[in-house]
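Here the structure is laid out as structure tokens; the discussion comes afterwards.
The values are calculated or read from the model by the stated rules, or taken from the named source; none is laboratory data. Quantities reported herein were computed from a predicted structural model and do not represent experimental measurements. Cβ sites come from the backbone with ideal geometry, for glycine too, and all protein chains shown count toward neighbours. What goes into the accessible areas is simple: the full protein's heavy atoms, side chains included, and nothing from ligands, DNA or RNA. Shrake-Rupley method; radii C 1.70, N 1.55, O 1.52, S 1.80 Å.
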Amino acid sequence: ALGDSGARHVLTTGDCRQRLRSLDGAQMIVLIDNVVDLAVEKSVAARDAAHVERGPQHGAWPSVDPGTPVALFYTSGTTGPPKGVPLTHRNILANLDVLCRESLIGSEDRVLLPLPLHHSYPFLVGMLLPLAVGAAIVLPSGIGGTEIVTALRAGRATAMLGVPRLYEALIAGIESRVGGRVSRGLFHAILAIAIWVLRHLHIGIGRILFRRLHSTLAPSLRLMGCGGAWLDPDIEWRLRGLGWQVLTGYGLVETTSIATFNLPGRVRVGSAGRAVPGVEIKLDNPDQSGCGEVLIRGPGLFAGYRNNPEAMRAAFTADGWFRSGDLGRLDSDGYLYIVGRVKELIVLSDGKNISPENLESHYATSPFIREIAILEHKGALVALVRPELQSIQAAGSSRIDQVIRVALAEASQRLPPFQRISGYAVVREPLPRTRLGKFKRHALGAIYERASAGAARAPSGTSPAQVSFESPFGRAIWAWLEARFPGRPLAPDTVLQLELGIDSLAWIDLGLAFESRFGVALAEDAFARIVTLGDLIREVEAAGKAGGAGQTAKDSLAALEERWLSPPGRAIRILGAALYGLNWLAVRALFRFRSVGCDHVPAEAQIVLVSSHQSDIDALVLSAALPWRVVRRLSWGGDVNRLFQSAGRRLLARATGVFPVDDRAAGRSVALARAALARGRSLVWFPEGWRSPDGRLQAFLPGVGLILRDFHGPVVPVLIQGAFEALPRGRHVPRPVPIHVRFGAPILLDTLPAAVRADAGRLAGVLRDSVAALERAESGRDARSP
């Protein structure tokens, strides 16, 4: 931008001076220098003194042609290189005149401006408008939440300029300060009442209901202006419900920022407002739904890009309308609704059009997703996902990739098929954005390629020599990790699973290596507390200081085996039989139930059933498909967080042969399953781990391969169909739909190649293939049915 602009003077700081030395013919004026430059200080001081001596003796103001450029802005470059946009005195005064006549602010107002002035929106609305009406401008010391809140209070700001991401963060911060489930429920109930009254009765009561919030956060703040991007109507309603006036508009740097506006008293939430006086808006070639490219004409429109005639020709129609590049629709009252960008619009092979921003908003509602960007890759709709690690950790899961996959699949169920993503890649670093918060979409494809290929992220700038831990012990662990993961750019914030591939089973191996090398035994559930290498080293340091004290895994396993795998007493056995009978009747009464291939299940032999996992009712329908003589010898793995949290649930688990499985302690769960087999019990295992988020068969985790390593009996594949439709995730009452259970021919593990049996992952793949074959057979049967 500097090279293209032809700037002759650059006001800068000492830190940036070295970066600007390549500019030819530009004089640098260093305003703040980290290294004292006496020559610069003296020259600036002398110049200031000369100005003071001369005073205001400058004569008459020069006459200026209204068509003369007064400012040169550059587009944000979301889809390509930035383009220079000269704005004239006429452009700027035309928009200022409109805003001043609406009396949005007056000389008594104090406007908080936390946005960079090299964008036309804050330059015009945040700086020139307050100066034009004599209002004060409040500049925060930084753009973090603390600095902005401090400026709101200390600056007694009555108005505030922002972008959607700023207001989203403000709402999130307010809601996070409401502690306790009851308090949160009460807060949201009161807010819902305030929004309802405002929407239906047009009476604002939020400032009264939330007066304590206003007095604490920003006592004087009444008006919020939002631009730069589309503001989610839900966020806008919440801000308005809390008692603030919110005004939104639409425009580009090429239109001197403001083209349409929601004026006070004429706000239509969700829209970009109506064209301001003097501006004309129309849609180019609208489709059947009324959406087309927004064309703009008016006095604020720029004359053309600097040094870019090709972009200039593409930007205007033959009759002089500016092509905004935005897709929009107009309602019957002339309110504009922006639905996407023409250049960002994804056109699929079947001709379907996808607006990525709308999809991103939909998928980003998951608390486990921090950022998501939708793009097209090799003809398919895919996503780059940056997970919210703290939320995943708080949920007690160590399988980041699995959590993200389930979150995306659940969100997909609420979309038409052509809008569902077919692939995704998880990234660790923030996705590239402009200063106004928009994705730099032209950079996303390369990031997806690297992330899909599993490329390690760039070093964080922290070298091992810079890592500081409490003890030499911690530094020795770091050196050992470097040797264990050669060629990886390790840093304290390196995420174990995303960047080193350490999942819950690999954690077992790592824990054993720690115990062998350093004599420190880490509890398996420590994996749920550890996200980064820094967390890992601090956990090991803490265990080392405690001398590795605590209950050993062996002692813990022995206690669990005795409690959950030992033969139950007579009363428990009677309860188990009664529960089996009630469940057998209920499944057949509620569902159109069908079981096929039960003769593949040996009545007396010890067996392992490996089943697909669609729903919470899978265990119930599988039990109903088997005779009691088989069920009474079965052990089942059940989620420790859902089935063992009360005395009643634990009693039912004991009566039905369920033992606790903990995602955070995969080694212990595998050991319990192996112990059940060693005691002669048969076993049911759901190798997918999690219920399917979309009803489709998922990958089998390698834990089942570890369980079967020393087992020599038959393994029976099981397919459950219809359970997902009956009770998908998020539903609490099952639907009365058909449910089918199909048992496949037993697999004798001793007949498999030794290399397959020895590799837990390959064995899991073989078992999944056997269940998938049942799925294909069931589909063929349904196709042949009349």
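Computed quantities for the displayed model
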read-out	value
Residue tally, condition within 29 Å of the chain's Cα centre (by Cα) and of a type in the set (Phe, Trp, Tyr), over segment 720-752	1
Failed item in (1) touching a residue at least 40 places away in the same chain (Cβ under 8 Å); (2) outside any loop (DSSP other than H, G, I, E, B), with residue 301 passing the rest	(2)
The listed residue being in a strand (DSSP E or B), free of Cβ contacts under 8 Å to residues at least 40 places away in the same chain and more than 21 Å from residue 721 (Cβ to Cβ), out of 648, 638	638
Matching helices (runs of 4 or more DSSP H) fully within segment 553-628 where at least 3 residues are closer than 23 Å to residue 715 by Cα	618-625
Of residues in segment 611-635 being closer than 21 Å to residue 727 by Cβ and free of Cβ contacts under 8 Å to residues at least 40 places away in the same chain, the one least open to solvent (accessible area, probe 1.4 Å)	626
Count of segment 422-432 residues which are surrounded by 14 or more Cβ atoms within 10 Å (Cβ to Cβ) and at pLDDT 85 or above	6
Helices (runs of 4 or more DSSP H) within segment 305-408 that include 3 or more residues of a type outside the set (Ser, Thr, Tyr) and under 25 Å from residue 451 (Cβ atoms)	356-363, 389-394
Scan of segment 137-176 for residues that are in contact (Cβ under 8 Å) with a residue 60 or more places away in the chain and over 13 Å from residue 235 (Cβ atoms), ordered by number	149, 152, 153, 156, 157, 158, 159, 160, 161
Residue list for segment 1-15, restricted to those being modelled with pLDDT of 85 or more, among the hydrophobic types (A, V, I, L, M, F, W, C) and either over 23 Å from residue 75 (Cβ atoms) or open to solvent by 60 Å² or more (accessible area, probe 1.4 Å) (or both)	11
Residue among 643, 706 that is in contact with a helix residue (DSSP H, G or I) (Cβ under 8 Å, 6 or more places away or on another chain), open to solvent by 40 Å² or more (accessible area, probe 1.4 Å), hydrophobic (A, V, I, L, M, F, W, C) and within 27 Å of residue 751 (Cβ to Cβ)	706
Helices (runs of 4 or more DSSP H) fully within segment 687-786 counting 1 or more residues that are under 23 Å from residue 594 (Cα atoms)	723-726, 760-784
Contacts under 7 angstrom Cβ, first residue in segment 360-386 being in contact (Cβ under 8 Å) with a residue 60 or more places away in the chain and open to solvent by less than 20 Å² (accessible area, probe 1.4 Å), partner part of a loop (DSSP other than H, G, I, E, B) and of a type in the set (Val, Ile, Thr), 6 or more apart	382/421; 384/427
